[in-house]
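**Student:** Below you'll find the structure I mean.
Read the figures in this text as sums done on the coordinates, not as results from a lab. None of these values were measured; they are calculated from a predicted model.
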Amino acid sequence: MEILTEKGGCELVQCKSDPCIFYKHDKKGNLIALFISYIDDAVIGGPPAMVKKIKDHVSSRVEIVDIGKMDVHLSIHYKLKWDSQGPYFECSMQDYVNKMVQRAEEIIGEPLKDHPTPGYPGKHLIANTGEKINESGYRTLVGKCLYGAIKVLPDCSNAVRDLCTHLANPGVLHWKAIKRLFGYLKYHYRPMKLRAPTELRVTGFWDSDWASDSED
């Protein structure tokens, strides 16, 4: 992406942890520009003058289509809202979740029931020792959930991780877990809120409870 980083142009810096993100700081270290690319889609953030400079520079090298302020990107709908704590961005994948649930009910062949949590608290799925059941359908549904969990479904991450470990040989218990996850999404999905933190701290969580793994 020399277009963004070359001298005499935007002179953005490529992010080391995510090569699709480019940014620029001012002399005081404040973030003044952000460019995020995904194949042929891009999002630009910053003051109007900086955004225009980036768009003009990129358009001088490749053809672009400016669709204005971001509303939807990669199946996520963004909307600026306010509550008692101040402004925030609502990040919603309601349309995507609705389509996932519909597809799940088509593959499963019955309506999904309401479940209060996406997974089974304190339990792990174990390997299937019986007959393999609809491997293709299982992989399809887990794949759809995996994309959602990466984007705006952090509450489903652990359940999806557990389901992912049994893609090659799903059985009765795994399909029961799939029904639980999609039942949770059908009745309890809520959009995620993004707001500027009042205090920015990096916090890590881990679980080394290997004793609960009955297969190891």
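**Student:** What angle do you read, to the nearest 10 degrees and between 0 and 90, between the alpha-carbon axis of helix 135-151 and the longest principal axis of the chain?
**Tutor:** 40 degrees
**Student:** Could you work out how far helix 94-108 tilts from the main Cα principal axis of the chain, as a 0 to 90 degree angle to the nearest 10?
**Tutor:** It is inclined by approximately 30 degrees.
**Student:** Also, quick follow-up: Would you work out if region 89-216 is rounded, prolate or oblate? Take a ≥ b ≥ c from the square roots of the eigenvalues of the alpha-carbon gyration tensor; rounded if a/c is under 1.5, else prolate when a/b is larger than b/c, oblate otherwise.
**Tutor:** Oblate, because a/c is 1.5 or more while a/b does not exceed b/c.
**Student:** Return one quarter of the surface area of the convex hull spanned by the alpha-carbon atoms of region 99-142, equal to its mean projected area, in nm².
**Tutor:** With every direction weighted equally, the projected area is 4.1 nm².
**Student:** Which entries in the list Lys28/Lys69; Lys132/Lys179; Lys52/Lys151 go over 24 Å, if you measure between the two C-alpha atoms of each?
**Tutor:** Flagged as over cut-off: Lys28/Lys69; Lys52/Lys151.
**Student:** Expressed as cubic angstrom per residue, what is the convex hull volume of the alpha carbon set of region 22-90?
**Tutor:** It comes to 119 Å³ per residue, whole-number rounded.
**Student:** Separate question: Long-range amide H contacts for Ile32: which residues qualify at under 5 Å (H placed 1.01 Å from N, peptide plane, sequence gap of 5 or more or a different chain)?
**Tutor:** Lys24, His25, Asp26
**Student:** Which values of log₁₀ I(q)/I(0), to two decimal places, follow from the Debye formula for the chain at q = 0.16 Å⁻¹ with a uniform point scatterer at every Cα?
**Tutor:** Treating every Cα as an identical point scatterer, log10 I(q)/I(0) equals -1.14.
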